[in-house]
Amino acid sequence: MAVEQITYKNIDPRVRTTIMLGLCLAMLAACFDGTIVGTIGTVIAQDLNGLGLYSWMATAYMLCETIMIPIAGKLSDIYGRKPLFLIGLALFMAGSVVAGLSTNMEMFLVCRAVQGLGGGILIPVATAAVADLYSPRDRPRMQGLLGAIFGVGSGVGPLLGGYIAEYISWHWCFYINVPIAIVAVFLTIKKFPAPASDGEVTIDVRGISLLSLFLLDILLLIEFGGSEFEWVSATSGAMVAIAVVLMVLFVYVERRALNPILAPHLIRNRTVVMGAIFMFIFGIGMMGAMMYASMFAISVIGLTTLEAGEWSLSLVVGMMITSISSGFLLNRTGYRVWLIFGPIMCFLGLWYLSGMVVDATMAVTPNAVRDAYMGRYLLGNFVLGLGLGCMMSVIMAAVQNSSKPSEMGMTTSSVNLVRSIGATMGTAIFAMIINARLSSELASHLSEETFAVLPHDTGVLNYLTQFISQSDWATVGGILAAFSNSVDFAFLAGGTILLVLVVIGVLFKVKPPEVDEELEAAKRRIETGEASESEE
């Protein structure tokens with residue numbers, strides 16, 4: 001019996017809208033939980049007697065999310081978005097419930113890893129599903145909506161977590177995901193557009209295994225290099241060697257795989273390659289700037305963690321404006337204008353933030369820094385947000401409009417993957433820039449005796465309480481001034497890195513995909529009633 005293939009061309013508009021709303025809710029929850037421990041991590045670690053494992057609260061989620069992204073994207077091409085999406089929701093909900101019930105730190109970290117697996121499915125599948133639900137002309141505005149949700153979720157997560165932990169309990173930071181997930185299931189239980197398939201399923205187990213090990217190795221190197229071990233050390237050298245071997249083996253296996261998790265021919269798709277490079281640098285700039293802007297606000301301006309979260313909303317507002325605007329206007333303006341305008345705005349925002357020069361006296365004078373730079377901090381973050389919002393949804397729409405329908409999940413997840421890696425590297429790169437500058441700044445602001453006994457990296461901030469208790473305001477002011485000037489330098493360096501994206505923006509082209517012969521053959525079999533049982 002022939003069945004009608006459900007695509008964006010014939011799906012019920014009401015069903016499509018309902019599914020899209022469910023995708024947005026799920027993606028919002030996943031983005032929230034990726035950053036929510038930023039403000040409540042210490043509270044959780046103290047309550048569960050696990051301060052020694054503090055750093056793993058974010059690391060466990062990040063590792064599992066990043067590793068799962070390419071796997072989920074490829075499997076959704078094979079089995080369809082709906083089953084993968086529902087599996088992701090189930091994992092995310094289960095991890096959230098048990099995380100709230102955790103009685104020790106080890107149990108909590110396992111739950112964070114499960115949440116990461118769920119989030120690593122939800123984000124790429126939701127992004128790829130847009131291509132199934134909407135025509136190439138309509139995809140930009142929906143990607144713009146998802147881009148705005150990504151910005152809101154990532155930016156508001158720490159603030160939301162802080163408020164819930166302060167006024168209710170940190171446990172509810174995770175329980176709150178349950179009703180959101182239930183609503184998302186209810187909204188997406190309708191029939192998704194399904195991939196045309198000839199019934200033959202081949203899973204690239206070896207490719208998945210090698211890629212997962214490679215990502216685990218490289219992410220652990222980025223996360224703990226410079227802190228748990230030196231960048232130039234036997235440990236880092238061994239990890240780099242392992243990464244090289246795994247990558248060589250992965251390329252070898254993928255060239256011979258029947259259905260590779262990351263097809264080698266993607267390297268010939270110029271739009272996908274340039275989009276991946278663009279999003280890698282985007283991830284570096286976004287996460288590095290967001291993290292150290294908040295650290296500047298807390299350490300130098302003197303804001304509480306919650307106040308810093310509230311001030312950072314200016315960046316979120318900027319991202320929302322241009323993410324939605326670029327999506328709605330893309331068909332009129334084309335891609336290049338946004339990919340050129342965005343990096344320039346990011347540079348201007350970071351350049352403006354780099355002007356928050358603080359001297360030792362100002363640093364220890366109550367409210368002096370806040371009064372001097374509150375407006376600059378808010379405006380600089382807003383302009384930075386405007387720039388960041390120009391790029392993510394535009395790149396995603398371009399990649400999808402240049403990809404074969406049968407490879408939509410793979411190409412979308414590949415770009416999401418390099419963005420996630422870039423975001424992880426962003427904090428490390430900004431830290432290296434700051435630490436490289438901080439030593440000379442400390443030398444110029446502190447006495448030789450004090451300089452000799454203090455660490456010459458951001459760990460020096462841990463000594464502030466000690467000097468305040470001793471009323472050594474000159475040392476406190478010197479440390480804060482040195483740190484602020486180093487962050488200013490990092491802002492300027494980060495802006496320069498993002499400005500390089502203008503070159504990619506100028507050269508960026510979107511080439512329509514080649515005809516997918518296998519997909520067309522499967523469609524013809526469905527239309528003529530020759531489909532296999534799995535197709536029906």
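The values are calculated or read from the model by the stated rules, or taken from the named source; none is laboratory data. In this text the structure is predicted, and so the values were computed from the model without any measurement. Cβ coordinates were reconstructed from backbone atoms using ideal geometry, including for glycine residues, and neighbour counts include every protein chain displayed. Each accessible area value is taken on the protein alone, full model and side chains, heavy atoms only, with ligands, DNA and RNA left out. Shrake-Rupley method; radii C 1.70, N 1.55, O 1.52, S 1.80 Å.
Kindly list, by first and then second residue, each pair from a residue in the range 353-379 that is under 24 Å from Leu446 (Cβ atoms) to a residue that is not in a helix (DSSP H, G or I), limited to pairs with Cβ atoms under 6 Å and residues at least 6 apart or on different chains. Partner pairs satisfying both residue conditions: Val369/Val358; Tyr373/Met356. Would you check if there is a residue in the range 24-40 being modelled with pLDDT of 85 or more, among the polar types (S, T, N, Q) and buried (at least 19 other Cβ atoms within 10 Å of the Cβ)? No. The range 292-367 holds no helices (runs of 4 or more DSSP H) entirely within its bounds that carry 3 or more residues that are buried (at least 23 other Cβ atoms within 10 Å of the Cβ) and out of contact with any Gly (no Cβ under 6 Å at 6 or more places or on another chain).
Among the helices (runs of 4 or more DSSP H) confined to the range 90-187, the ones with at least 1 residues that are modelled with pLDDT of 90 or more, of a type in the set (Gly, Ala, Ser) and in contact with a helix residue (DSSP H, G or I) (Cβ under 9 Å, 6 or more places away or on another chain) are located at 105-133.
Tell me, which helices (runs of 4 or more DSSP H) lie completely within the range 383-461 with 2 or more residues that are open to solvent by less than 40 Å² (accessible area, probe 1.4 Å)? Walk me through it before giving the result.
Working: elements: 392-401, 408-445, 448-453.
Where helices (runs of 4 or more DSSP H) fall fully within the range 383-461 and carry at least 2 residues being open to solvent by less than 40 Å² (accessible area, probe 1.4 Å), they are 392-401, 408-445.
Taking the range 486-536 as the range and being among the polar types (S, T, N, Q), loosely packed, with under 12 Cβ neighbours inside 10 Å and modelled with pLDDT under 55 as the test, only Ser534 passes.
Applying a threshold of 7 Å to beta carbon distances and a minimum spacing of six or more residues, or different chains, the list of pairs starting in the range 215-239 at a residue that is touching a residue at least 40 places away in the same chain (Cβ under 8 Å) and of a type outside the set (A, V, I, L, M, F, W, C) and ending at one that is open to solvent by 40 Å² or more (accessible area, probe 1.4 Å) and in a helix (DSSP H, G or I) reads Gly226/Met432. For the residues Val476, Val399, the requirement of being over 30 Å from Ala72 (Cβ atoms) and touching a residue at least 60 places away in the same chain (Cβ under 8 Å) singles out Val476.
Checked against (1) over 25 Å from Asp488 (Cα atoms); (2) small (Gly, Ala, Ser); (3) modelled with pLDDT of 90 or more, Ser403 passes all but condition (3). The condition of being more than 20 Å from Pro70 (Cβ to Cβ), among the small types (Gly, Ala, Ser) and open to solvent by 10 Å² or more (accessible area, probe 1.4 Å) holds for only one of Ala113, Ala94, Ala99, that being Ala94.
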